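For reference, the structure discussed in these notes is given below.
The values are calculated or read from the model by the stated rules, or taken from the named source; none is laboratory data. Just so it is clear, the structure is predicted and the values come from calculations on it, not from any experiment. Note that each Cβ is placed from the backbone with ideal geometry, even for glycine, and that neighbours are counted across all protein chains shown. Ligands, DNA and RNA are stripped out before the accessible areas are found, and what is left, the full protein with its side chains, is counted by its heavy atoms. Shrake-Rupley method; radii C 1.70, N 1.55, O 1.52, S 1.80 Å.
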Amino acid sequence: MPNYLPSVGMEVHAELATQSKMFCRCPVAFGGEPNTRVCPVCLGLPGTLPVPNRSAVEMVLKTALALNCKIAMTSVFHRKNYFYPDLPKGYQVSQYGETNPLGYDGYLEIPNGDGGTKRVRIRRVHLEEDTGKLMHLPNGGSGVDYNRAGTPLMEIVTEFPPDITNPHESREYLQQLRQILIYLGVCDGKMEEGSLRCEPNISIRPEGTPKYGTKTELKNLNSFRSVQLGVAYEVRRQIAVLETGGVVHQETRGWNEQKEASYLMRLKEEENDYRYFPDPDLAPMVFEEAYIEGLRNSLPELPLAKSLRYQNELGLSEYDAGVLIADREWSKFFEEAVALGGDPKTSCNWMTGDFAKMLNEQGIEPSQSKVTPKHIVDLVKLVEDGTINGKMAKQLFAESYQDGRLPSEIAKSKGASQITDVGQILDVVKKVLAENPDVVAKYKSGNLGVKGFLVGQIMKLSGGRANPGLVQKVLSNELENY
Ligand code: ZN
Ligand code: MN
């Protein structure tokens with residue numbers, strides 16, 4: 001059996017996080033009663049005229065710039081004609097052509113697993129509008145909900161021949177892309193709600209063959225996991241087809257999440273003729289150099305660059321950096337803590353440990369809690385300068401999380417500073433040893449493991465305030481001479 005090389009092209013649709021729709025003032029939102037966010041424009045009624053949403057255009061331009069694209073300084077909208085009930089006008093406003101899309105000829109870097117990156121070329125980033133949704137009614141028949149119709153939609157397509165050559169890379173590509181969109185604030189990235197949709201096309205060819213194989217397109221992938229599984233499944237399926245003397249057909253396949261298998265949706269007998277033509281209702285968009293440069297300069301630091309900076313300049317592990325940058329608010333929180341003088345590694349530990357756990361339990365975001373970066377730094381410093389030990393820090397943080405007071409204020413009001421006075425610690429040690437003669441005897445007869453129990457008793461008796469290092473020292477000393 002020859003070695004087969006997979007090739008994966010990625011087509012991603014992202015609903016833009018605008019307030020209103022692409023060509024009318026209807027609000028953009030998810031769910032709700034069907035057909036409650038519609039108007040004559042997005043219902044495609046005769047005689048209406050579209051007015052483009054400036055902020056949607058800007059979001060696509062920003063994305064194109066972040067994806068290292070060339071910008072079409074003049075760009076027009078086209079009508080993509082086809083008939084389907086979810087498309088009220090009978091055409092979708094989209095952008096056609098090689099150099100007409102707002103962005104073209106760019107690339108996205110994905111991690112290559114070796115601490116470096118791999119470049120995935122991007123063919124186009126264009127602006128279009130979303131369709132409505134068909135729904136099966138409980139009593140039979142179908143209905144159509146136009147709430148989503150006319151939502152600004154961005155399409156991002158990779159270059160051919162594809163740079164992505166395995167299922168893992170297709171997942172990495174989507175993860176990187178999603179993070180960039182979230183960082184730019186142009187899409188909420190909710191795959192489960194369909195605001196980010198990914199349709200990979202997959203082909204295989206025997207090693208040494210220059211010609212690319214027939215590709216199949218996968219739909220209904222609503223998680224990173226299913227993207228990776230789906231692509232892997234298609235590769236296996238196509239190899240099995242070729243190995244049994246069959247032919248891979250150009251078709252659209254759906255993904256069955258439960259069965260973890262793809263199924264035939266429709267055969268593509270021939271390429272659809274969408275009869276694209278410039279939309280006569282929409283004027284060409286013409287951009288000035290200064291405007292584009294202004295947008296370029298307004299771009300935030302992108303996730304991959306941020307992750308590498310956290311690792312190289314702040315000394316975090318790849319894992320920690322990954323956890324922090326996964327959410328822009330989270331990384332902003334972290335950077336504020338570091339700016340306030342918090343040690344990066346310790347601040348990160350508090351955030352991804354106790355803080356994250358408490359937020360998770362309540363199901364809230366950092367900004368909805370009473371803890372600010374200042375609280376984290378305050379706590380880190382109390383431990384650093386020896387005012388409190390790790391155990392007290394945990395208690396103080398828990399209280400701080402509850403009432404929003406700074407850990408240092410709580411420590412002060414409780415007189416809860418760490419006991420570092422050797423004499424005071426010695427008193428406690430002596431008391432515990434006197435109360436536990438049997439344990440001391442065990443220790444003396446060679447069972448050194450019981451020392452942990454004694455440490456526990458001492459910490460308990462000191463109300464958790466004794467400096468653990470000193471406790472170890474004083475206790476060892478006392479046991480030697482007991
Ligand atoms: Zn509308
Ligand atoms: Mn599209």
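For the stretch 111-138, a residue qualifies if it is charged (D, E, K, R) and either modelled with pLDDT of 90 or more or assigned to a strand (DSSP E or B) (or both), and the qualifying residues are K118, R119, R121, R123, R124, E128, E129, D130, K133.
Figure legend. Inter-residue proximity from the stretch 141-166: first residues outside the structural domain of L16 (by TED's automatic domain parsing) and on the phi > 0 side of the Ramachandran plot, second residues away from ligand 1 (no atom under 16 Å from the Cβ) and in a strand (DSSP E or B), beta-carbon distance below 9 Å, spacing 6+ or different chains. No pairs are indicated. Tell me yes or no: at least one residue of the stretch 188-197 is farther than 30 Å from C42 by Cβ and surrounded by 14 or more Cβ atoms within 10 Å (Cβ to Cβ). Checked against the condition, which is being farther than 30 Å from C42 by Cβ and surrounded by 14 or more Cβ atoms within 10 Å (Cβ to Cβ), the stretch 188-197 yields no hits at all.
Being within 23 Å of the chain's Cα centre (by Cα) and in a strand (DSSP E or B) holds for only one residue in V231, V227, V157, and it is V157.
Scanning the stretch 130-157 for residues being within 22 Å of K21 (Cα to Cα) and open to solvent by 60 Å² or more (accessible area, probe 1.4 Å) gives a total of 3. For G97, the conditions (1) within 22 Å of E15 (Cβ to Cβ); (2) open to solvent by 10 Å² or more (accessible area, probe 1.4 Å); (3) within 16 Å of ligand 2 (Cβ to nearest atom) are fulfilled apart from (1). Being open to solvent by 40 Å² or more (accessible area, probe 1.4 Å) and closer than 21 Å to Q175 by Cα, is that true of even one residue in the stretch 234-254? Scanning the stretch 234-254, I find no residue that is open to solvent by 40 Å² or more (accessible area, probe 1.4 Å) and closer than 21 Å to Q175 by Cα, so the answer is no. Here is the figure for the stretch 70-90: residues that are within 16 Å of ligand 1 (Cβ to nearest atom) and crowded, with 17+ Cβ neighbours inside 10 Å total 3. Here is the figure for the stretch 429-482: residues that are in contact (Cβ under 8 Å) with a residue 40 or more places away in the chain, among the small types (G, A, S) and assigned to a helix (DSSP H, G or I) total 0.
Take I376 and decide whether it is crowded, with 17+ Cβ neighbours inside 10 Å and modelled with pLDDT under 85. In short, no. Please verify whether the stretch 198-207 includes one or more residues that are open to solvent by 20 Å² or more (accessible area, probe 1.4 Å), out of contact with any strand residue (DSSP E or B) (no Cβ under 8 Å at 6 or more places or on another chain) and in the same structural domain as F23 (by TED's automatic domain parsing). No: the stretch 198-207 contains no residue that is open to solvent by 20 Å² or more (accessible area, probe 1.4 Å), out of contact with any strand residue (DSSP E or B) (no Cβ under 8 Å at 6 or more places or on another chain) and in the same structural domain as F23 (by TED's automatic domain parsing). When you check E15 against the structure, is it within 16 Å of ligand 2 (Cβ to nearest atom), at pLDDT 95 or above and assigned by TED's automatic domain parsing to the domain that holds M285, yes or no? Taking the combined requirement at face value, the residue satisfies it.
Scanning the stretch 451-472 for residues that are in contact with a helix residue (DSSP H, G or I) (Cβ under 8 Å, 6 or more places away or on another chain) and either farther than 26 Å from Q395 by Cα or of a type outside the set (A, V, I, L, M, F, W, C) (or both) returns K451, Q457, S462, G464, R465, N467, P468, Q472. Tell me, yes or no, whether the stretch 176-190 has at least one residue that is in a helix (DSSP H, G or I) and within 16 Å of ligand 2 (Cβ to nearest atom). Checked against the condition, which is being in a helix (DSSP H, G or I) and within 16 Å of ligand 2 (Cβ to nearest atom), the stretch 176-190 yields at least one hit. Residues of the stretch 456-478 that are buried (at least 17 other Cβ atoms within 10 Å of the Cβ) and either in the same structural domain as L382 (by TED's automatic domain parsing) or among the hydrophobic types (A, V, I, L, M, F, W, C) (or both): I458, M459, A466, L470, V471, V474, L475. Taking first residues from the stretch 362-376 that are small (G, A, S) and partners that are assigned to a helix (DSSP H, G or I), the Cβ contacts under 7 Å between residues at least 6 apart in sequence or on separate chains come to S367/E329; S369/L359; S369/Y401. Only one entry in L108, L127, L184, L177 is in contact (Cβ under 8 Å) with a residue 60 or more places away in the chain, buried (at least 24 other Cβ atoms within 10 Å of the Cβ) and farther than 25 Å from V235 by Cβ, namely L127. Residues of the stretch 25-35 that are surrounded by fewer than 19 Cβ atoms within 10 Å (Cβ to Cβ) and either within 7 Å of ligand 1 (Cβ to nearest atom) or farther than 17 Å from T131 by Cβ (or both): R25, P27, E33. Can you find a residue in the stretch 82-93 that is at negative phi, away from ligand 2 (no atom under 16 Å from the Cβ) and touching a residue at least 60 places away in the same chain (Cβ under 8 Å)? Checked against the condition, which is being at negative phi, away from ligand 2 (no atom under 16 Å from the Cβ) and touching a residue at least 60 places away in the same chain (Cβ under 8 Å), the stretch 82-93 yields at least one hit.
For the stretch 350-426, give me every one of the helices (runs of 4 or more DSSP H) that falls completely inside it and has 3 or more residues that are under 21 Å from L470 (Cα atoms). Answer list for the stretch 350-426: 373-384, 390-403.
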